1. Over 18 Å between C-alpha atoms is what I'm after, so list which of Lys42/Lys81; Lys9/Lys70; Lys94/Lys121 land there.
2. Between [x] 95, 33, 26; [y] 60, 28, 24; [z] 57, 36, 31, which matches Cα extents along the principal axes in Å calculated for the structure shown?
3. Between Gly114, Leu141, Trp25, whose Cα lies farthest towards the positive end of the dipole of the chain when Lys and Arg beta carbons carry +1 and Asp and Glu beta carbons carry -1, centred on the Cα centre?
4. What ³J(HN,Hα) values, in whole Hz, does the Karplus curve 6.51 cos²θ - 1.76 cosθ + 1.60 give for the range 116-122 when θ = phi - 60°, with x put for Gly and Pro?
5. Under 5 Å between amide hydrogens, which residues at least 5 positions from Met45 or on another chain qualify, with H placed 1.01 Å from N in the peptide plane?
6. Could you derive backbone 3J(HN,Hα) for the range 50-56 from the dihedral phi with the Karplus parameters 6.51, -1.76 and 1.60 (θ = phi - 60°), listing whole Hz in sequence and x where the residue is Gly or Pro?
7. Summing -39500 (n - 2.57) over the DSSP H runs of n ≥ 4 in the chain and dividing by its residue number, what mean residue ellipticity at 222 nm do you reach, to the nearest 500 deg cm²/dmol?
8. For the range 30-41, just list the computed ³J(HN,Hα) in residue order, Karplus coefficients 6.51, -1.76 and 1.60, θ = phi - 60°, integers in Hz, with x standing in for Gly and Pro.
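Every number in this text was worked out from the coordinates using simple rules, so none of it is lab data. Being a predicted model, the structure only gives us computed values, none of them experimental. Here the Cβ positions follow ideal geometry from the backbone for every residue, glycine too, while neighbour counts run over all protein chains shown.
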Amino acid sequence: MARMHSGKKGKSGSHNDYRSDDHEWVSISQDEYRQVATSLRKEGMSASMIGIRLRDQFGLPGSKVIAGKKLTVLLEENGMKPEIPEDLVALIAKYQRTTKHLELNHGDSAAIRGRNLIMAKILRLVRYYKKNNYLSPEWSLSKVL
């Protein structure tokens, strides 16, 4: 897959285990998995942080192997869907960090270009999320910037 803002091809990513049968070494049931995931979400963790915590502390593989669904879908079914998708939150935070850097370093032209590219990604992602009803049509980027 090509990179977004360069002419390079990039590297292919790793692949998950696509086995559909249960892992014998997993000692947690689907209901316990859902309870742990929802309790971690109530503590304020994002979906990726929940996945990391479940992998590191409990030794669990991906959510699809245990629950048969992605973790975000599982949280959405329990009424814990985040207001703004996680990847958009990360890009907004990166944009804010870059803007803060540019306040101290006005002449950093590489950071200026980077900030413009980050904003382009944000706008593209917002357009996608509004089109596919992940964000409401009246949601505005000016609310979070």
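1. Values: Lys42/Lys81 11 Å; Lys9/Lys70 28 Å; Lys94/Lys121 11 Å.
Over 18 Å Cα-Cα: Lys9/Lys70.
2. Computing Cα extents along the principal axes in Å and matching it to [x] 95, 33, 26; [y] 60, 28, 24; [z] 57, 36, 31 gives [z].
3. Gly114
4. Each residue's phi maps through the Karplus curve to give 5, 5, 5, 5, 4, 5, 4 Hz.
5. Under 5 Å from the amide H of Met45: no residue qualifies.
6. Each residue's phi maps through the Karplus curve to give 5, x, 5, 4, 5, 5, 7 Hz.
7. Working: 6 runs with 79 residues, N = 145.
It lands at -17500 deg cm²/dmol.
8. 4, 5, 5, 4, 5, 5, 5, 5, 5, 5, 5, 5
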